[in-house]
Amino acid sequence: MRRLLFLSLLLVLAACNPEETGTPTAELAATLTLGPSVTPPPTETASPTPATAVATTPAASPAPPTHTPAGQLTPVAPTTVTPAATITTPPNIPFQLAEDFPAGVIRQLWVAPDGALWVLTDEALYARGVDGWETLSLATPTLILDADRELRVWALFDEGRTVAYLPSGGDWFSYGPLQGWTSQEPDYARMAYADEVTVDRLGQVWLADGRNGLHRLDPTSGAWTTLEAAALGFPPPPAAGGALDYDERLFFTDVAVDDLGQVWASACAVRLDEEGPIPVQVWGGEGVRWFDGATWQAPAEVADTCIYDIEVDANGLVWLGGRPADPFSGNYNLYRHNPAAGDWLALPIPESPAYAGQSNPRYINDIHLDGAGRPWILVEQGGGAGHLPGALYYLEGEEWITALETLPEFSQVVLGPAGEAAIYLFEPVPYQDTLLDGLVYYRNGELTAIGPLPGISVTSLAIDGAGRTWLVGTPFDRPEMTTLWYHDPAN
């Protein structure tokens, strides 16, 4: 669940001096604890292999229980259910300004595993506590990535040239080139996709890093190794053609670990036009690979899909979503895999009634698992030069439930743990007999129309553990300024 705030994140990061290069500043170096200096191990490589073949990588210990994914892909067709038009509007002023927030330009909102809101500014990293704002760190990351199972919070510094973790109650512990961390170049596109950190059964830390590769940390030596796509058995990108050529490096989009301890990684061919302020991305399907402890396996069930997101639920089921290599193939599915049984299911993505019968390409941009284990999918629609409004659904048993099917491009969506969604619409949209604008709140089949923040451009959203929706806003007449607001549905 990573890509919902891509545009706003790019715009904020682009203003944060992206031309800084080299080693961390003296101020940063004084704040971070460096990992041990080691001789970086060589990058693992392998000759490119066909999609159905495998490439080997030495295992650090005996392999976990394995399975061979079944070749039979079972399609199922959940029923799309549109909720009753229960729309409410709060009677009072719905937004409160966080007047006690410390000074600083806000770069990122992030919710910690304990439900606390973290706010990254250009001056410090803060957390919202019971008694107000707490300063967590004066070192300011480029991007907060994720918390691993040991509750270490991982972040990128210096445009990704340094990676560090923040243990509970401790200080940042960082890794750079001396510890084998390699990041060839800032890759802003990765910040919308590859931001999850996972730990396998051996304690190894894995991080997918876009075109920079798949990183793995050995907890014993403290050394990072970077795997290229060929080492996992991914084929090379397609031959050049069209308006944009494919990058020679595949783009790692995600990494996850299933209940058998097997590591899953996804990578896609990518064409990028980086002349403008925001990359133009055109993806090619390369499927997914999973590591059984000895070899990287290539399941044929998703071989023609660029997998954007991999999630593992509490029952050990692996959920995968993305876009087909051929956008007009009709293979618009959410995939579910049971590692214990070895079976696969393909669940067709619902089609919005407004565009039924129009051969409308659609694909999954993001998967989110809520507190009840239900998968939510953010669906983008349209192909080529145009984009239709997106849609937000979740799966309840064998039924797709529609949260909202009229999401304009650049709208922002965040999902909370209790099955709620906060949506800030980029522009007003008609919905049955009313017009939705600004913040819309969804829970249990009910839409609450909160409305817009007058005179404010909303750039970021987050839902904390108490269910409050936080918004970062930039005044129309003060684009260099940020303000922090919140909406509490309980009040």
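Just so you know, all these numbers are worked out from the coordinates, no wet-lab data involved. For clarity, every value in this text was computed on a predicted model and none was experimentally measured. Please note: Cβ atoms are built from the backbone with ideal geometry, for glycine as well, and neighbour counts cover all protein chains shown.
Observations
- Net charge of Cβ neighbours under 12 Å - reference TRP470; Lys, Arg +1; Asp, Glu -1: 0
- Distances between placed amide hydrogens fall under 5 Å for THR482 paired with ILE106, all partners being 5 or more residues away or on another chain.
- Net +/- balance of residues flanking ASP343 in space, Cβ distance below 13 Å, scoring K and R +1, D and E -1: 0
- Placed amide H near LEU143: partners under 5 Å, 5+ positions off or other chain: LEU156
- Prolate/oblate/rounded call for the stretch 202-348, Cα gyration tensor, a/c under 1.5 rounded: oblate
- Label-to-label distance, nm, for residues given as GLU248 and GLU134 (7 Å Cα→Cβ offset): 4.9 nm
- Phi angles across the stretch 404-420 convert, under the Karplus curve 6.51 cos²θ - 1.76 cosθ + 1.60 with θ = phi - 60°, into 3J(HN,Hα) values of 7, 10, 10, 9, x, 4, 6, 5, 10, 9, 10, 10, x, x, 9, x, 10 Hz, Gly and Pro given as x.
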